[in-house]
Each structure stands twice: as C-alpha cells, then as structure tokens.
1. Tilt of helix 76-86 relative to the longest C-alpha principal axis of the chain, in degrees (0 to 90, nearest 10)?
2. Run through segment 54-103 and list the chymotrypsin sites (Phe, Trp or Tyr not before Pro) located in a DSSP loop whose Cβ has at most 16 other Cβ atoms within 10 Å.
3. Hey, got the dipole for segment 18-73? About the Cα centre, +1 on K and R Cβ, -1 on D and E Cβ, debye to the nearest 20?
4. Could you please rank Val83, Val93, Val42, Val17, placing first whichever residue has the fewest other Cβ atoms within 10 Å of its Cβ?
5. Could you go through segment 14-21 in sequence order and give the Karplus-derived ³J(HN,Hα) for each residue, using 6.51 cos²θ - 1.76 cosθ + 1.60 with θ = phi - 60°, rounded to whole Hz, and x for Gly and Pro?
6. If I take every Cα pair under 8 Å that is 6 or more residues apart in the chain, average their sequence separation and divide by the length, what percent do I get for the relative contact order?
7. Just grab the label-to-label distance for Gln105 and Ala32, each label 7 Å out from Cα along the Cβ direction, in nm (one decimal).
8. Order these by the 10 Å Cβ neighbour count, fewest first: Arg45, Arg89.
Amino acid sequence: MRIVEHREDYFARRPMVTWHADGFRLELFPTAPTAADERPTVAYRFWDLSDGAWRARPVFEAADWHPSILHAIDGVESVRGLVGFLALRPGDVEADYFTGYTPRQLH
C-alpha cells in the first residue's frame, strides 16, 4: 500500500534542506513513507530571488524528485542533482520535454 499525502501536508513542514546561491533558493521536504522497494521521493520548491523576479510563487514546486540511492536524500549530492535537473535548457534534452513549462520556467 502506498500512502499519498496532500500537497499542503509536506510543504507545511519545515524543509529538511534549504540551499541559497546566486539569487536562487531551493528547499527540500520529506514526503510520506513509501513501499520498501520504491525509491525515496522528495518534494521541493525553487525560487528565483533576483531583483525584479516575482518571489510570491516558486518557479518550480513538485513532489516528484527521486534522488540517487547512492546519496542521502538531504545531502549535497542530491541538491546538486536536483539543481542540475531544474537548470536543463532547450537543447540539453528533447524539445518536447519543455512543452508544459511556463515562460518563467523557461527563463
């Protein structure tokens, strides 16, 4: 049996990691336990804090990050992996990957 949480449940908690660099902030949140054979899932919020950016809403917010099983879910390697994933640009992967992106996310 898989336990599914509502969005408010995991974002209402204190983040397990908060990362800041170059006008950006990333927060990682734990999610509900999953079955023993599934990879851990982490919720995240990513903000652009640069001048002129609209800070009231995160640029990315989801509960779909599966860090490598080789690293701690709240470790530096996991943060690097997620930042690298969020920083993908057209040309890095297939064009249809960005179909659902907003102009703000593409920027």
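1. 50 degrees
2. Working: sites: Trp54, Phe60, Trp65, Phe85, Tyr97, Phe98, Tyr101; in loops: Trp54, Tyr101.
Here the chymotrypsin sites (Phe, Trp or Tyr not before Pro) that fit, given the DSSP loop and packing criteria, are Trp54, Tyr101.
3. Details: 5 positive and 8 negative charges, 25 e Å.
In debye, rounded to 20, segment 18-73 gives about 120.
4. Working: Val83 15, Val93 10, Val42 23, Val17 19.
The most exposed by this proxy come first: Val93, Val83, Val17, Val42.
5. 6, x, 7, 8, 10, 10, 10, 6
6. Numbers: 139 pairs, mean separation 19.3, N = 107.
Answer for the chain is 18 percent.
7. 2.4 nm
8. Values: Arg45 18, Arg89 8.
The fewest-first ordering by Cβ neighbours comes to Arg89, Arg45.
No lab work stands behind these numbers, since they all come straight from the coordinates. Treat the numbers as computed from the prediction; the structure is a model and nothing was measured. Using ideal geometry, Cβ is built from the backbone for each residue, glycine included, and neighbour counts are taken over all protein chains shown.
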